[in-house]
Amino acid sequence: MNSKGASTSGGDGTRDSSAPRRNSKKPKYSRFTQQELPACKPILTPAWIITAFALVGLVFVPIGLASLSASEQVVEIVDRYDIDCIPEQFQNHQLAYMQSSQTNKTCTRNLIVPRKMNSPVYVYYQLDNFYQNHRRYVKSRSDKQLRSKAYEHVTDSCKPEDKANGSAIVPCGLIAWSLFNDTYKFSLDSKVLEVNKKNIAWKSDQDHKFGSDVYPKNFQSGELIGGAKLNASIPLSEQEDLIVWMRTAALPTFRKLYGKIEVDLELNDKITVVIQNNYNTYSFGGKKKLVLSTTTWIGGKNDFLGVAYLTVGGLCLFLSICFVLLYVFKPRTLGDPSYLSWNRNAAGHPS
Amino acid sequence: MAQDRPLLDPSPRPPPAPLLPEPPIRLDPAARSARVDRISFVADTPVPRRGSRADSDRLAASQRELSDDDARLVYINDPSRTNERFEFAGNSIRTGKYSVLTFLPRNLFEQFHRVAYIYFLVIAVLNQLPQLAVFGRGASVLPLAFVLLVTAVKDAYEDWRRHRSDRIENGRTASVLAGAGAGGRQFQPVRWKDIRVGEIIRIAANESIPCDMVLLFTSDPTGVAYVQTINLDGESNLKTRYAKQETLSKSVDMEGFTGFIRCERPNRNIYGFHANMEIDGRKVSLGPPNIVLRGCEIKNTAWAVGVAVYAGTETKVMLNSSGAPSKRSRLETHMNRETLLLSGLLITLCLVVCVLAGVWLRNHKDELDYSPYFRKRASPDDDSSYNYYGIGMQIFFTLLMSVIVFQIMIPISLYISMELVRLGQAYFMIRDASLYDEASNSRFQCRALNINEDLGQIKYVFSDKTGTLTENKMEFQCASINGVDYSGGKASLPGDGEAYSVVVGDQFWRPKLLVKTDPQLVRLLRSGGERGEGMRAREFFLALAACNTIVPLTVETPDPKRKLIDYQGESPDEVALVYAAAAYGFVLVERTSGHIVIDVLGERLRFDVLGLHEFDSDRKRMSVIIGCPDKTVKLFVKGADNSMFGVIERSINLDIIQATETHLHAYSSLGLRTLVIGMRELSRAEFDDWQSAYEKASTTLFGRGGLLRAVAANVECNLHILGASGIEDKLQQGVPEAIESLRQAGIKVWVLTGDKQETAISIGYSCKLLTSEMTQIVINSHSKDYCRKSLEDAIAMTDRLAAMSLGAQNTITGTESQRVPIALIIDGTSLVYILETELEEELFKVATACDVVLCCRVAPLQKAGIVALIKNRTDDMTLAIGDGANDVSMIQMADVGVGISGQEGRQAVMASDFAMGQFRFLVTLLLVHGHWNYQRMAYMILYNFYRNAVFVFMLFWYVLYTAFSLTTAITEWSSVLYSVIYTALPTIVVGILDKDLSRKTLLKYPQLYGSGQREERYNLKLFILTMMDTVWQSLAIFFIPFLAYRHSTIDGSSLGDIWTLAVVILVNIHLALDVFRWNWITHASMWGCIVATAICVIIIDSIPVLPGYWSIYHVMGTGLFWLLLLGITVAGMVPRFAMKAFTEYFMPSDIQIARELEKFGNLNEATASEIPMSTFSQPQQGFI
């Protein structure tokens, strides 16, 4: 800016102003510099407002209905088993029961299928009150180590599960350490229902995030056992349960995919589940649930989206009607200069 | 804060504009003859003014002997000796602030003067502690680093430019007298930077002066040199400087020249210099006329030789090159209040988090040891805890961490955005073609970059008159000579051929400007005769031609036989008078230091100038003593009427005096500037008395000014009246319309002028400031009690008028019930008794009740006092506009100072925040640019608060579901980039380009300006409403996905990506709803930012080592994701949109109606154009 240059430096200014007037400083005209770029000037006219609200309402209500019906189609069986799977005599000593290696943790549950469930039926475990999003927890992993054997020793972020017996733990960190280790065996009328545990993890994780040359090492070899053990001869990229677990949940109540049952389940089928109740959620008041569910385009069972869309859509329709009424009963000519405040008093308009 | 700014001329202020400066004259004691050898043309030679303490200090200072401590000793032509005792600065200058080495530390140091930056630095440092590491190292420092980098690059570029200009400046060459080297003493070229104090420098014509130097010799035998000071103070006329007689007699090659100069320490007063020179054992005193300053140029003088006394950074021009003044805008002050509120909110959020975290930790105390997600205990054997320091410490850490996580509640990017937006706004103001002044070829100048938006909130405009409302191009209109008015009813402008010209040899010299002549008067002059009438008229014009300080210059024309005489002088009035005299045949042809040559009706006569008494504001007149060719000695005096009538002999010619007084009254009610001219013939005895007194006074070393004034006052008495002159100062183009627009805009225009009351009132009429239907209250008092009474009467009057119009409104509602407008006219004498006394309060009451205030005969400091009267008592924004040095104090006092780059030099511009060529540009500046700037900046600040708060609230809701452990689902990079990249550009673009109304509408309905005055676009209520909306929107952003994914397999990163995109889309849609004008740049930035965000999120999720690898791809593949984004956007915007639709339609603001008018206006065009005009009466015309 010429003015600035002239004011900040005496020397500079000297030459600026001594320049003769041979060239005019008149600003060149352009629509940009004169702030006259072609522009659209939207104004909220009654027609626009009513149309906008009505349109939103008309779009949202069908979407809401569609979502609701999609959610309705989902068949979901939820069974909380953490309390029931503790024998009567241990109910007051849950922790001791879980921590003891002597006790038998096997537990059998029966589930009735309420509606026909089309294959694939997804098997989830749901944990409540488990803060997989706790700051201490989410940080406790080493993505470098998971990817490549070369970074095996990169365990700084994994404390206190970084090293065991002086050498690095693979996979290190609290997340891996606390790997869920309940197992479910399903049978239908004493016939085993196969649970497919392949392809339950994201393929992107298997291909790029968990190395195929990284093998579990030193895992769960410390004094505290947090959860499942891993087969040291299978590379991490094939350990799908671990990969699913390591994708930490966003919320303290979450589901993780356990496997898929690839047969249809009929109405009133009685499914027997044999649960190895190994995972200790009792120490922090967590709940464990087994979930069987089908899916539709909006995912699992969730009425919220439909309700929300219906509410917003309904509200918009209501507003659009309100505005119609308001415009009918209190009309105002747009752009009438007699409404300008300085004209209003003089012209006798009520202010 | 205004007082903190450096004044160009800190101690005394130059006299008020309208009257005439005069040079001091001193008889040379060395030369026995009554020859005059020194005349100064310094208009601004400090003169004492009544009531100004600074002046008396100054007087005292000038009488003080320079003590050794206060002085510097310069040995003439002996730079090594000069420089061995004191370390004087060399002549190299350095305006660059930084060097390569010091750039980083100094620039950072300066940037961290901003409190906000310290805040972000502290947070970045906190984040480096391992216990608090919320963000990674890089991510935490990035925003601050980015902001610092942008500013540093900007500073570095500016500094580089300064360095470049320094290099050029330092590399120029000048001729310096070489030491006693081989080949004798001669001048050799030396680069400017190598010049040292004490060296002898020779300057040729049209060369710049490299340093401040005392003149020793010039090509003129009398030692005169003309300098042009345009680079110093912008005044384009020539000023005269003198070498001392004592040095003139020496030889130019300095053979055997010894002496030293004892001068005051370097200071920034460009109109003052105080020194004495000892040469050959004789002490000679030096003053401002003996020094030439760096930056000036030598003109009309073949060469000049001087000795360097101040060099480089110690020169006056460098000491005066202060940066642009820094003020803080009203909006920014308010913004700081809301920033404090936001800090409070931030602290509340942090406290809530840390209290809840404490409660949670206590409730889960027993479970923490082994719970998989906490694992407090490292191993079962020892008791040691891992990364756990007890509940108290954990709470404390949580508090600090929450501050880190929620830090952007205080919008760091806002500061840099505001600077960029102001830069953009300044660019558009400078480039605005309608603010360009063709006449002076000057663009609009933005000297202060941080008060753009204040232009939209002005309530009071204080305007100077001369040069601001008027052009300051004086034109001789009429004269009253010997009691006869020659108003020139039949006056005609002479054609090129018939203009009066002087024959010099075989050449014709003609005055450059032509003036209308009155034929009757011309006849009278030509008819000659020794009759009283003709004699008086001739003496009148002789006085006009002689009693001044004008220098005639001859200018070549294409025709070698013709030359033009160009009169150069300080005072436009004098120039006008001399041109007038020339037109009537009294052509001032030549001025040397001792005599003037006047062509009197074809006869070239030489007059000796024996004495010159300069103008001062006590006497308000100037006089010359002229030795005429017929050996008579005459005293010519001209001055303001009230001062002149005091010294005119009233016992004779009483009828002439009375007639002249009548004419004067008539002239000034026409808006003309009047001067009275008188003369007296001095007898031999009187002249001898005067001469001895004058000689004594002028050889006194200290207190000379006072003594000279006394001598002048002694001789200026018992004058015969010759007549009076009327000079017109034309109104600038468009002034009446501009004033009317400003008045419609609810801006009160006050005019503060040094002119007489009648002149001021008539100008007031001609520029529509005053109208005939106004009730005028005139306060014109000479004592305090009288003032008090006048004020009380005035208050009673305004109350009565207010009650009257109120009553009128009650009885006849709905019809035109215009309030009776009141004008207050007050003069400087009354103000002396009012300002800074208890009467100020009364004046304030009266003045604010009046529609127009006109202050006449005010001194510069009184102008500032009147501005302060309003500024200190109200919150209203004030703007002062002026063009002269006498407006500097007022410009600096007001919230916004505007300088007119006109005829009177650049002091006003140098002190101003904005500068422009014409008064009428003020309308465009305020009503259009001011309105836009205010509207844009106000919206941008609110929006930035909203934008960052919505993000912080969203993080906060999530923290409630993470056991208060301050996890963020959004990746740290997105958090950091949010305010810097994801959402920064659209708000800047909108802040620079958006216009609520077109220029045409704003100019058509000046009342729309009221929105800024009433602070409609930024206030606490709007802030609170925005914050409520913010909370709702953050709830929508957070809880819609939260509830939709409540019991699902969603992982943190995927949900984080949804939130990131949702918040960016929502805030951009929010902005989009509020944009008034969509041009392609707005579209590009708005949608571009959303796309850029998506790209950034995709890139971040494509890095395998980050935990969120590939989440966005997975989540984008589901229909739910898209439904959620749509749902969030609509649900978030519905309340705001509905409110906006409702208020815009049922409670429309003026701006809204005007916008509709702009779009659908053709329907109502007829009524629209009629109404705003009807509120104003017909303009007053016909006076001029």
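Under a straight-distance cross-link criterion of Cα-Cα below 17 Å, which aspartates and glutamates are reachable from A:Lys229, leaving out those fewer than 8 residues away in the same chain?
Partners found: A:Glu161, A:Asp162, A:Asp182, A:Glu238, A:Glu240, A:Asp241.
Over all distinct Cα pairs, what is the inverse of the mean 1/r for region A:234-317, reported as the Kirkwood hydrodynamic radius in Å?
On the way: mean 1/r = 0.0588 Å⁻¹.
One decimal place: 17.0 Å for the Kirkwood radius.
Among A:Val307, A:Pro337, A:Tyr282, whose Cα sits farthest toward the positive end of the charge dipole of region A:258-351 (+1 at Cβ of Lys/Arg, -1 at Cβ of Asp/Glu, about the Cα centre)?
Looking along the dipole axis, the top candidate is A:Pro337.
When the Cα centres of region B:546-607 and region B:981-1004 are compared, how far apart do they sit, in Å?
So the two Cα centres are separated by 56 Å.
Note the buried accessible area between A and B here, summed over both chains, with a 1.4 Å probe, in Å² to the nearest 100. Can you show the working numbers first?
Values: alone 21740 and 48850 Å², together 59740 Å².
Approximately 10800 Å², summed over both chains.
Compute the distance from the alpha-carbon center of region B:1025-1078 to that of region B:74-144, in whole Å.
After rounding, the separation between the Cα centres reads 42 Å.
Are there any chymotrypsin sites (Phe, Trp or Tyr not before Pro) in region A:175-260 that are in a DSSP loop and have at most 12 other Cβ atoms within 10 Å? List them by number.
Passing sites in region A:175-260 do not exist.
May I ask for the angle, rounded to the nearest 10°, between helix B:704-715 and the longest principal axis of chain B, with both axes built from Cα atoms and the value confined to 0 to 90°?
Approximately 50 degrees, to the nearest 10.
Please identify the trypsin sites (Lys or Arg not before Pro) of region A:90-120 that satisfy two criteria: DSSP loop assignment and at most 13 other Cβ atoms within 10 Å. Which are they? Show your work: numbers first, answer last.
Details: sites: A:Lys105, A:Arg109, A:Arg115, A:Lys116; in loops: A:Lys105, A:Arg115, A:Lys116.
Answer in residue order: A:Lys116.
Using 17 Å as the cut-off for backbone N distance, which residues of region A:24-42 belong to the label zone defined by a point 7 Å from the Cα of B:Lys1159 along Cα→Cβ?
Flagged as within label range: A:38-42.
Per residue and in cubic angstrom, what volume does the convex hull of the Cα atoms of region A:92-219 have? If you can, show how the numbers build up before the last one.
Values: hull volume 24.2 nm³, N = 128.
Given the Cα convex hull of region A:92-219, per-residue volume reads 189 Å³.
What spacing in nm lies between the two simple spin-label points modelled at B:His782 and A:Glu266, each 7 Å away from Cα in the Cβ direction?
Label at B:His782, label at A:Glu266, 12.4 nm between them.
If R0 is 45 Å, what FRET efficiency do you get for A:Thr108 and B:Val115 from their C-beta distance, rounded to 0.05? Provide the component values of the computation, followed by the final result.
Numbers: r = 67 Å, r/R0 = 1.49.
Here the calculated transfer efficiency is 0.10.
So how many Å³ per residue does the convex hull of the Cα atoms of chain B work out to? Could the numbers behind the result be given before it?
Values: hull volume 285.1 nm³, N = 1184.
Given the Cα convex hull of chain B, per-residue volume reads 241 Å³.
With a 1.4 Å probe on protein heavy atoms only, tell me which residues of region A:96-137 lose at least 40 Å² of accessible surface in the complex relative to the chain by itself.
Buried-area filter returns A:Tyr131, A:Asn133, A:His134, A:Arg135, A:Arg136.
Taking the Cα centre of each part, how many Å lie between region A:121-199 and region A:214-281?
The distance from the Cα centre of region A:121-199 to that of region A:214-281 comes to 8 Å.
On average, how much area does the Cα convex hull of chain A cover when viewed from any direction, in nm²? Numbers along the way, then the final one.
Numbers: hull surface 148.4 nm².
Reported value for the Cα convex hull: 37.1 nm².
Give the long-range amide H neighbours of B:Val858: residues separated by 5 or more places, or on another chain, with amide H under 5 Å away, using H modelled in the peptide plane at 1.01 Å from N.
B:Thr753, B:Gly754, B:Asp755, B:Gly828
Rolling a 1.4 Å sphere over the protein heavy atoms, what is the accessible area per residue of chain B, to the nearest Å²?
Working: 43550 Å² over 1184 residues.
Roughly 37 Å² per residue, with all protein chains present.
GluC sites (Glu not before Pro), restricted to region B:738-779: which are DSSP loop and have at most 13 other Cβ atoms within 10 Å? Please report the intermediate quantities before stating the final value.
On the way: sites: B:Glu740, B:Glu758, B:Glu773; in loops: B:Glu773.
Within region B:738-779, the qualifying GluC sites (Glu not before Pro) (loop, at most 13 other Cβ atoms within 10 Å) are B:Glu773.
Set the Förster radius R0 to 30 Å, insert the Cβ-Cβ distance between B:Ile1099 and A:Ser233 as r into 1/(1 + (r/R0)^6), and round the FRET efficiency to 0.05. Mind dumping the intermediate values first?
On the way: r = 37 Å, r/R0 = 1.22.
E between B:Ile1099 and A:Ser233, to the nearest 0.05, is 0.25.
For chain B, take the longest principal axis of its alpha carbons; what is the angle in degrees between that and the long axis of helix B:115-128, to the nearest 10 within 0 to 90?
Tilt of helix B:115-128: around 30 degrees.
For the protein assembly as shown, give the percent of accessible area contributed by carbon and sulfur heavy atoms, probe 1.4 Å, rounded to a whole number.
Numbers: 33790 of 59740 Å².
The computed percentage sits at 57.
Can you work out the PRE-style zone for A:Asn196? Point 7 Å along Cα to Cβ, and I want the residues of region A:252-269 with backbone N under 16 Å.
Label zone hits: A:257-265.
Apply the Karplus parameterisation 6.51 cos²θ - 1.76 cosθ + 1.60, with θ equal to phi minus 60°, to every residue of region B:477-486 and state each ³J(HN,Hα) to the nearest whole Hz, in sequence, with x for glycine and proline.
In residue order, the calculated couplings are 10, 7, 9, 10, 10, 6, x, 10, 8, 10 Hz.
Using just the Cα positions, wrap region B:554-658 in a convex hull and report its mean projected area in square nanometres, one decimal place. Could you put the intermediate results ahead of the total?
Numbers: hull surface 35.0 nm².
The Cα convex hull of region B:554-658, projected and averaged over all directions, gives 8.8 nm².
Mean projection of the alpha-carbon convex hull of the protein assembly as shown over all orientations, in nm²? Don't skip to the answer; put the middle values down first.
On the way: hull surface 287.9 nm².
Convex hull of Cα atoms, orientation-averaged projection: 72.0 nm².
Which of B:Leu1061, B:Ser998, B:Leu1043 sits closest to the plus end of the dipole of region B:930-1068, meaning its Cα is farthest towards the positive end, when Lys and Arg get +1 and Asp and Glu get -1 on the C-beta?
Positive-most Cα among the choices belongs to B:Ser998.
Taking a threshold of 21 Å on the Cα-Cα distance, which of the pairs A:Lys144/A:Lys198; B:Lys638/B:Lys756; B:Lys97/B:Lys154; A:Lys26/B:Lys154 fall above it? Numbers along the way, then the final one.
On the way: A:Lys144/A:Lys198 25 Å; B:Lys638/B:Lys756 16 Å; B:Lys97/B:Lys154 13 Å; A:Lys26/B:Lys154 26 Å.
Cα-Cα > 21 Å for A:Lys144/A:Lys198; A:Lys26/B:Lys154; rest within.
For chain B, find the longest principal axis of its Cα atoms and tell me its angle to the long axis of helix B:654-669, 0 to 90°, nearest 10.
With both axes taken from Cα atoms, the answer is about 20 degrees.
Please average, across the residues of B:1144-1155, the number of beta carbons from any other chain that are within 10 Å of each residue's own beta carbon, and give a whole number.
Values: counts 5, 11, 4, 0, 7, 2, 7, 1, 5, 11, 3, 4.
Mean partner-chain Cβ count within 10 Å for B:1144-1155: 5.
What are the membrane-span-like helices in chain A by this rule: whole DSSP H runs, Cα extent along the axis at least 15 Å, mean Kyte-Doolittle hydropathy at least 1.6? Don't skip to the end; give the middle numbers.
Values: long enough: A:46-73 (40 Å, 1.46); A:304-329 (37 Å, 2.33).
Answer set is A:304-329.
Which cross-chain or sequence-distant (5 or more) residues have an amide H under 5 Å from the amide H of B:Gln477, H modelled 1.01 Å from N in plane?
Answer set, sorted by chain and number: B:Gly726, B:Ile727, B:Glu728.
Determine the shape class of region B:835-900: with a ≥ b ≥ c the square roots of the Cα gyration tensor eigenvalues, call it rounded for a/c under 1.5, and otherwise prolate if a/b is greater than b/c, oblate otherwise. Before the final figure, lay out each step's value.
Working: a/c = 1.76, a/b = 1.48, b/c = 1.19.
Prolate is the answer for region B:835-900, as a/c is 1.5 or above and a/b outweighs b/c.
If I model a spin label as a point 7 Å beyond the Cα along the Cα-Cβ vector, how far apart are those points for A:Lys116 and A:Ser221 in nm?
Here the answer is 5.4 nm between the modelled labels.
Label-point separation (nm) for B:Glu603 and B:Thr102, each offset 7 Å from Cα along Cα-to-Cβ?
Placing both labels 7 Å beyond Cα along the Cβ direction yields 6.9 nm.
Here are some pairs, A:Lys105/A:Lys289; B:Lys863/B:Lys1004; B:Lys283/B:Lys696; A:Lys185/A:Lys289; B:Lys789/B:Lys863; which of them have Cα atoms lying more than 21 Å apart in this structure? Working shown, then result.
On the way: A:Lys105/A:Lys289 16 Å; B:Lys863/B:Lys1004 32 Å; B:Lys283/B:Lys696 16 Å; A:Lys185/A:Lys289 15 Å; B:Lys789/B:Lys863 23 Å.
Pairs exceeding 21 Å: B:Lys863/B:Lys1004; B:Lys789/B:Lys863.
The values are calculated or read from the model by the stated rules, or taken from the named source; none is laboratory data. Note that this is a predicted model, so its numbers are computed, not measured. With ideal geometry, Cβ positions are generated from the backbone for all residues, glycine too; neighbour counts draw on all protein chains shown. Note: accessible area is taken over every heavy atom of the protein model, side chains too, but ligands, DNA and RNA are not part of it. Shrake-Rupley method; radii C 1.70, N 1.55, O 1.52, S 1.80 Å.
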